[in-house]
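*Asks:* Mind having a look at this structure? Questions to follow.
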Amino acid sequence: MGGGGTPPTTGLAQPIGGLEAVAPSISSQPPSRTVTQGLPATMALIAAGTPPLSYQWYKDTNPLTDDAVTAGTHTNSLTFINAQTGQAGTYHCVVTNAYGEAISDNAFLTVNTSAGLPPTIFSQPQSKNAPVGASASFTCLANGSSPFTYQWFRNDVAMVGQTSNFLTINNIQPADAADYNVIVTNPYGTATSNKAHLTIITAQTLPVYLGNGGTTAPGREGEPEPQAGSTYTAAELKALVQVFPQVNPVNRSAAQGTYEISAPSPPTNNEYRVLAFPASFVPGALTFTSAGANLPMTQLADTIVDGINYKVYRTVSRSAGDFTIAGQTAINVT
């Protein structure tokens with residue numbers, strides 16, 4: 001008789017190291033889920049047994065594979081990335097190893113349709129002017145069905161970490177001059193805001209407001225002359241430079257800037273002149289001359305125009321005059 005060896009064993013492989021062979025068992029069954037269409041949902045189970053364990057999820061009797069809307073079909077956690085009504089149904093998982101298999105309980109996925117509304121933007125981010133070193137904020141408000149997500153863009157490039165409905169840029173630098181906008185998303189669609197431009201203001205671009213308001217301040221007809229501490233609105237201050245007389249910058253680039261305004265013709269009693277300049281200029285001297293004499297300047301409350309704080313002064317005169325700001329360079333008149 002040939003061959004004196006022992007015939008091979010045909011039984012199941014034994015675990016390495018003498019460990020006990022344990023077939024799979026399920027200690028935590030997958031739960032049923034109810035989800036609104038378009039939102040994610042997850043079913044997960046916990047299994048024990050001699051590793052390695054393999055998982056296969058089924059819808060009814062059909063085995064599943066990962067695709068654009070389903071993930072984790074061969075793990076212990078099945079995820080519906082973007083639940084749709086066609087995915088509603090009965091699910092279970094089969095867990096296997098070399099020593100057997102375990103079949104989970106059925107779990108049911110219910111997908112509710114919703115009359116949700118896609119986002120619409122009702123408050124667009126607005127363009128800003130800001131000086132170097134300051135801060136600027138852009139805000140977007142949306143209508144529609146929550147939850148919303150936001151992503152801000154700078155010159156069409158997504159900004160890392162900017163995912164709220166407002167964007168704040170601190171310590172502005174010239175490189176921050178750009179177009180900014182946001183995309184708002186909810187489960188039912190997206191909306192893209194208008195682009196808002198951030199303009200960086202330097203001392204050469206800050207306007208100085210000079211004007212003649214006549215006998216009463218714009219928008220205040222019939223009211224007494226403003227006293228110290230009174231103020232103008234931004235619109236009133238801007239309007240002053242549109243009122244006769246025209247502003248004539250005499251010197252815009254030397255160390256001392258002088259700006260001439262002429263008197264109306266014919267002159268009337270109780271006319272006044274107004275000068276407003278950015279607080280950051282802090283002039284070394286400020287005078288108003290008329291007919292060769294210096295006239296007293298009354299300082300009013302500051303006024304904020306386009307995010308810039310302006311110091312506001314006024315004087316009353318019937319004659320032509322010059323405003324003089326000393327110690328400044330390249331002051332522009334708008």
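*Asks:* Say whether the condition of being of a type in the set (S, T, N, Q), modelled with pLDDT of 90 or more and in contact with a Gly (Cβ under 6 Å, 6 or more places away or on another chain) is met by at least one residue in region 94-108.
*Replies:* Taking region 94-108 as the starting set, the residues that turn out to be of a type in the set (S, T, N, Q) are 96-97, 104, 106.
Among the residues that remain, those that are also modelled with pLDDT of 90 or more are: 96-97, 104, 106.
If we keep only those that are in contact with a Gly (Cβ under 6 Å, 6 or more places away or on another chain) as well, we get 97.
Looking for residues that are of a type in the set (S, T, N, Q), modelled with pLDDT of 90 or more and in contact with a Gly (Cβ under 6 Å, 6 or more places away or on another chain), one finds at least one in region 94-108, hence yes.
*Asks:* Name the single residue, out of those in region 64-101 being within 20 Å of T36 (Cβ to Cβ), assigned to a loop (DSSP other than H, G, I, E, B) and not hydrophobic (A, V, I, L, M, F, W, C), that is nearest to the chain's Cα centre (by Cα). Please lay out each step first, then the result.
*Replies:* As a first pass, look at region 64-101 and keep what is within 20 Å of T36 (Cβ to Cβ): 68-71, 78-91.
Now drop any that are not assigned to a loop (DSSP other than H, G, I, E, B), which leaves 68-69, 81-84, 88.
If we keep only those that are not hydrophobic (A, V, I, L, M, F, W, C) as well, we get 82, 84.
Numbers: N82: 26, Q84: 31 Å.
Ranking the candidates gives N82 first.
*Asks:* Give region 118-138 a look and list any residue that's surrounded by fewer than 16 Cβ atoms within 10 Å (Cβ to Cβ) and either on the phi > 0 side of the Ramachandran plot or β-branched (V, I, T) (or both), or say none.
*Replies:* T120, V132, G133
*Asks:* Hey, another quick one. Which of the residues spanning region 109-135 are over 28 Å from S77 (Cβ atoms), touching a helix residue (DSSP H, G or I) at 6+ places or on another chain (Cβ under 8 Å) and either among the acidic types (D, E) or assigned to a strand (DSSP E or B) (or both)?
*Replies:* Just the residues of region 109-135 that are over 28 Å from S77 (Cβ atoms), to begin with: 115, 117-135.
Subsequent filtering for residues that are touching a helix residue (DSSP H, G or I) at 6+ places or on another chain (Cβ under 8 Å) retains 131-132.
P131 - this is the single residue of region 109-135 that is over 28 Å from S77 (Cβ atoms), touching a helix residue (DSSP H, G or I) at 6+ places or on another chain (Cβ under 8 Å) and either among the acidic types (D, E) or assigned to a strand (DSSP E or B) (or both).
*Asks:* List pairs: first in region 106-129 and in contact (Cβ under 8 Å) with a residue 60 or more places away in the chain, second of a type in the set (D, E) and surrounded by fewer than 16 Cβ atoms within 10 Å (Cβ to Cβ), Cβ under 7 Å, 6+ apart or cross-chain?
*Replies:* N129/D306
*Asks:* What's the number of the condition S104 fails, among (1) within 13 Å of the chain's Cα centre (by Cα); (2) within 30 Å of A21 (Cα to Cα); (3) among the polar types (S, T, N, Q)?
*Replies:* (1)
*Asks:* Can you pull out the residues in region 78-94 that are under 26 Å from A23 (Cα atoms) and either surrounded by fewer than 15 Cβ atoms within 10 Å (Cβ to Cβ) or charged (D, E, K, R) (or both)?
*Replies:* T90
*Asks:* Modelled with pLDDT of 95 or more, within 30 Å of N309 (Cβ to Cβ), part of a loop (DSSP other than H, G, I, E, B) and not β-branched (V, I, T), is that true of Q204? Full working, then the answer.
*Replies:* Working: modelled with pLDDT of 95 or more: no; within 30 Å of N309 (Cβ to Cβ): yes; part of a loop (DSSP other than H, G, I, E, B): yes; not β-branched (V, I, T): yes.
When the stated conditions are applied, Q204 does not pass them.
*Asks:* Follow-up question, since we're still on this one. In region 103-117, which residues are touching a Cys at 6+ places or on another chain (Cβ under 9 Å), surrounded by 14 or more Cβ atoms within 10 Å (Cβ to Cβ) and over 20 Å from Q37 (Cβ atoms)? Before you say what the answer is, go through the steps one by one.
*Replies:* First, the residues of region 103-117 that are touching a Cys at 6+ places or on another chain (Cβ under 9 Å): 103-104, 107.
Now drop any that are not surrounded by 14 or more Cβ atoms within 10 Å (Cβ to Cβ), which leaves 104, 107.
Answer for region 103-117, where residues must be touching a Cys at 6+ places or on another chain (Cβ under 9 Å), surrounded by 14 or more Cβ atoms within 10 Å (Cβ to Cβ) and over 20 Å from Q37 (Cβ atoms): just S104.
*Asks:* Could you tell me how many of the residues in region 25-44 are touching a residue at least 40 places away in the same chain (Cβ under 8 Å) and either of a type in the set (S, T, Y) or under 13 Å from T79 (Cβ atoms) (or both)? Before the answer, list the steps.
*Replies:* Our first condition is that a residue be touching a residue at least 40 places away in the same chain (Cβ under 8 Å); within region 25-44, this holds for 25-26, 29-41, 43.
Right, trim to either of a type in the set (S, T, Y) or under 13 Å from T79 (Cβ atoms) (or both) and you get 25, 30, 32-36, 39-41, 43.
Residues flagged as touching a residue at least 40 places away in the same chain (Cβ under 8 Å) and either of a type in the set (S, T, Y) or under 13 Å from T79 (Cβ atoms) (or both) within region 25-44 amount to 11.
The values are calculated or read from the model by the stated rules, or taken from the named source; none is laboratory data. No experiment lies behind these values; they were computed from the predicted model shown. Positions of Cβ are backbone-derived with ideal geometry, glycine not excepted, and every protein chain shown enters the neighbour counts.
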